[in-house]
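Read through the structure below, which is laid out as structure tokens, and then see the notes.
The values are calculated or read from the model by the stated rules, or taken from the named source; none is laboratory data. This is a predicted model, so every value here is computed, not measured. Note that we place each Cβ from the backbone using ideal geometry, even for glycine, and neighbour counts take in every protein chain shown. Side chains included, ligands, DNA and RNA excluded: accessible areas come from the protein's heavy atoms. Shrake-Rupley method; radii C 1.70, N 1.55, O 1.52, S 1.80 Å.
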Amino acid sequence: MTRICYLFISVLLFTACTTSSEKNPCEGIVCDYMAPACKFKLVEAGTGRDLVYGPYARIPVDSIKILMQDTTIKVKQVIDTPSNTALLYFYVLGPQTLRVGRPAKVTLDKLTFLSRSVGCCGTELYSLQLNDNPVAVPRDSAGVFLIPYTL
């Protein structure tokens with residue numbers, strides 16, 4: 001009887017050990033890298049009004065660029081006409097600087113991104129910091145970063 005118990009326990013342990021080491025669900029998947037998109041708005045500090053689109057716009061979208069080493073990239077704008085809103089975006093490819101041009105003034109802000117893996121091949125931005133400030137830039141309910149600007 002004790003031999004049968006030992007045999008039964010051994011079989012249970014062997015089965016538990018072999019089934020608990022599950023295969024990596026991403027094993028064998030080849031990923032095409034797609035840089036995560038940073039979606040943002042330049043908003044007036046204090047009021048939260050959009051400074052690029054709508055009735056309070058004072059910054060031309062063409063003056064907003066991303067500087068990355070020796071490259072300058074224009075940001076893209078997506079306008080949602082039914083809700084009368086817009087957002088700006090660019091793809092995050094490494095350390096970047098946000099350049100905003102205004103009459104008689106150019107502002108450069110260092111952007112620091114924190115990202116994490118999503119699924120087998122995805123990456124998402126979960127935090128954005130400006131100019132070495134440890135406080136993260138806030139986001140709206142759609143996940144769009146709201147970068148405050150004082151004009």
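So which residues in the stretch 114-139 are part of a loop (DSSP other than H, G, I, E, B), closer than 14 Å to K39 by Cβ and open to solvent by 50 Å² or more (accessible area, probe 1.4 Å), if there are any at all? Steps first, answer last, please.
First, the residues of the stretch 114-139 that are part of a loop (DSSP other than H, G, I, E, B): 119-121, 131-138.
Retained after the next criterion (residues that are closer than 14 Å to K39 by Cβ): 137-138.
Answer for the stretch 114-139, where residues must be part of a loop (DSSP other than H, G, I, E, B), closer than 14 Å to K39 by Cβ and open to solvent by 50 Å² or more (accessible area, probe 1.4 Å): just P138.
For the stretch 78-113, the set of residues classified as in contact (Cβ under 8 Å) with a residue 40 or more places away in the chain and open to solvent by 90 Å² or more (accessible area, probe 1.4 Å) consists of Y91, L93, L108, listed by residue number.
Counting the residues of the stretch 47-77 that are assigned to a strand (DSSP E or B) and touching a residue at least 60 places away in the same chain (Cβ under 8 Å) gives 0.
Comparison of L130, L146, L98, L111 shows that the only residue that is at pLDDT 95 or above and either of a type in the set (F, W, Y) or under 17 Å from the mean Cα position of the chain (by Cα) (or both) is L146. If you filter the stretch 65-77 down to residues that are exposed (fewer than 13 other Cβ atoms within 10 Å of the Cβ) and among the β-branched types (V, I, T), you find that the one that is farthest from P148 (Cα to Cα) is T71.
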